[in-house]
Amino acid sequence: MTVVPTPDDEPDSLDRIAADLVALKDADGCSFAQLGRRIGALRIERGVPAEAASPPRSTVYDVFRPGRTWIDTALLRDIVRALGADEAEADRWVQRSVRVRRSGERARSEPVEADPPAPPVPARPATGSTLTAPAPRRWVTAVLLVGGILLNLLGLAVVQALNLPIFLDMIGTAATAIVLGPWHGAVVAIVSNMMGATVGVPAAPPFALVNVAGALVWGFGVRRFGMGDDIRRFFVLNVIAALVCSAIGAPMGLLVFGGFSGHGFDAVTSSIATMGVPLIAAVFSANVLTSLIDKLLTGFIALIIFVWLHGALHLCAAHMPLVERLSPPSPALDASGRRAGGSTRSGRARTRTDRPGRMPRR
């Protein structure tokens with residue numbers, strides 16, 4: 001892969017560099033999300049901590065836009081390296097950027113020296129296969145935690161009001177554990193179960209342990225064991241969450257409530273018991289059956305929430321490639337660095353002749 005040459009009779013500029021980067025990226029065929037993951041992998045190899053390695057997709061996208069007054073040479077080097085360039089070619093890209101900045105061609109640019117090399121970051125000890133996504137901003141984390149608690153309480157209230165034979169009390173837990181991590185999910189689990197009485201479910205607090213178990217399964221399953229890499233593995237993860245929650249919830253229901261907690265799935269337990277099945281076996285059977293349906297529904301609702309958050313807030317999804325694949329593609333850029341089919345502001349071109357109800361002028 002070679003650098004797109006700049007004709008000798010035309011002055012170089014940051015816009016030309018951006019356009020050449022677009023051509024380089026198009027030749028490779030990767031998306032901005034994939035490019036961000038590649039940059040993160042390169043930085044981790046250099047010893048950068050995993051939580052600070054992957055740049056936001058919007059930051060990478062900005063380098064490809066025209067109209068810039070400067071380009072971060074360190075990020076530029078990482079971009080061309082991630083697109084297959086060797087060190088020598090990456091140096092040529094950086095030198096080209098520095099020459100443009102020094103030339104003072106653009107009215108707003110100032111002559112600056114090349115960015116000094118970043119100080120070496122001490123390598124962290126290996127942590128197995130754990131994937132740690134960059135932490136979102138604090139206000140985003142706070143909103144997601146509160147939103148997760150409210151989702152759990154809403155699920156409890158709906159099930160209680162309609163006497164449904166499922167739970168729906170872990171949607172917020174699953175979403176928070178997958179997006180933020182297992183321990184954030186555990187916080188949502190504990191708080192929402194302790195507040196169960198506020199929505200008319202006083203039996204919820206004893207089952208906080210079940211909710212926490214689900215948070216740990218979803219959180220560590222996605223981040224440590226790669227269970228969010230594709231739809232098949234994510235399906236298996238939800239089944240595992242169902243079995244783990246049943247292994248804790250069924251004995252607790254027997255010990256605390258004698259097998260009948262006043263929940264809608266008590267009807268399932270009664271139906272199985274009337275077939276001559278011992279109560280213990282009936283409780284476990286009903287719990288596993290109900291939990292399988294509930295956790296599959298919960299897990300995929302949480303997946304949809306993450307896909308939406310990834311597109312709306314640009315949350316990092318490097319630890320869950322399935323979200324990247326399900327997210328809408330980034331706006332395509334043409335050779336000049338603008339969004340294909342329109343302007344950089346609106347992403348679409350609209351002329352005076354294509355407005356509804358207006359005849360074209362002759």
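One table, with the values for the structure above:
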item: Segment 75-104 - residue that is part of a helix (DSSP H, G or I) and surrounded by fewer than 13 Cβ atoms within 10 Å (Cβ to Cβ) and, of those, nearest to the chain's Cα centre (by Cα); result: GLU87
item: Matching residues, segment 54-74, being in a loop (DSSP other than H, G, I, E, B) and either free of Cβ contacts under 8 Å to residues at least 24 places away in the same chain or basic (Lys, Arg) (or both); result: PRO55, ARG65, ARG68
item: Cβ-Cβ under 9 Å pairs, at least 6 apart or on other chains, segment 235-250 side more than 13 Å from LEU289 (Cα to Cα) and free of Cβ contacts under 8 Å to residues at least 60 places away in the same chain, far side open to solvent by 40 Å² or more (accessible area, probe 1.4 Å) and in a helix (DSSP H, G or I); result: ILE248/PHE207; ILE248/LEU209
item: Any helices (runs of 4 or more DSSP H) falling wholly within segment 218-325 and containing at least 2 residues that are closer than 30 Å to ALA41 by Cβ, out of contact with any strand residue (DSSP E or B) (no Cβ under 7 Å at 6 or more places or on another chain) and open to solvent by less than 30 Å² (accessible area, probe 1.4 Å); result: 231-257, 279-313
item: Considering residues of segment 10-25 that are open to solvent by 50 Å² or more (accessible area, probe 1.4 Å) and without any contact (Cβ under 8 Å) to a residue 40 or more places away in the chain only, the residue farthest from LEU83 (Cα to Cα); result: GLU10
item: Hits in segment 163-184 - residues which are under 13 Å from VAL222 (Cβ atoms) and surrounded by fewer than 19 Cβ atoms within 10 Å (Cβ to Cβ); result: none
item: Number of positions in segment 168-200 that are of a type in the set (Ser, Thr, Tyr), farther than 15 Å from ILE301 by Cα and modelled with pLDDT of 95 or more; result: 1
item: Residue check for ALA203: modelled with pLDDT under 85, open to solvent by less than 40 Å² (accessible area, probe 1.4 Å) and under 24 Å from PRO321 (Cα atoms); result: no
item: Residue within segment 56-69 that is farther than 17 Å from LEU35 by Cβ, open to solvent by 60 Å² or more (accessible area, probe 1.4 Å) and out of contact with any Cys (no Cβ under 7 Å at 6 or more places or on another chain) present; result: no
item: Residue count for segment 144-162, restricted to those that are open to solvent by 40 Å² or more (accessible area, probe 1.4 Å) and at pLDDT below 95; result: 4
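The values are calculated or read from the model by the stated rules, or taken from the named source; none is laboratory data. Nothing here was measured: the structure is a model prediction, and the numbers come from that model. Note that we place each Cβ from the backbone using ideal geometry, even for glycine, and neighbour counts take in every protein chain shown. SASA here: full protein model, heavy atoms, side chains in, ligands and nucleic acids out. Shrake-Rupley method; radii C 1.70, N 1.55, O 1.52, S 1.80 Å.
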